[in-house]
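See below for the structure under consideration.
A short reminder: the numbers here are calculations on the coordinates, not readings from a lab. Here the structure is a predicted model, which is why all the values come from computation and not from measurement. Because the Cβ atoms are built from the backbone with ideal geometry, glycine has one as well, and the counts that use them run over all protein chains shown.
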């Protein structure tokens, strides 16, 4: 399985992650980014797909109405809960897709995301999509993830 995204991680050409069978690559022929990998190769293993997470708490209440940063924090808390449910953490995330309403939010998103990935030696492949709206008008961000599961 190959997962692609645009502009890559700060690694020069490629770096093998600590997990056997997973490589995070940033070919020198593609632009580089310290925030995500251009390509993640999963040679073997089981995968989990986390549905799009929004800023709803465990009771279904929206956290951070009209506050993109607060919603982003809750989304990453929800992702962490989903990861823990399958016995893993952010180090095993190989791909995230982020959907946001509006513009000008990437700096706040990057700061929150980097806090959750700060102990991770690599960044997952990543896609950022601006949309006109999500399933509720007060929801500003949704993130889905693909995770390689521990053996």
note = The Cα radius of gyration of the range 85-130, divided by 2.2 N^0.38 Å with N its residue count, comes to 1.24
ask   = Between residue 82 and residue 46, what length in nm is gained on full extension when 0.36 nm per residue of separation is reduced by their alpha carbon distance?
value = 11.4 nm
task = Before rounding to the nearest 500, sum -39500 (n - 2.57) across all DSSP H runs of length at least 4 in the chain and divide by the residue total; then give [θ] at 222 nm in deg cm²/dmol.
result = -6000 deg cm²/dmol
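So, R0 is 35 Å and r is the distance between the beta-carbons of residue 131 and residue 151; what FRET efficiency does that work out to, to 0.05?
Computed FRET efficiency for residue 131 and residue 151 comes out at 0.45.
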remark   = Convex hull around the C-alpha positions of the range 45-148: the volume in Å³ per residue is 94
note = Length-normalised contact order of the chain, Cα under 8 Å, at least 6 apart, in percent, tallies to 30
ask   = Between residue 57 and residue 89, what length in nm is gained on full extension when 0.36 nm per residue of separation is reduced by their alpha carbon distance?
value = 9.6 nm
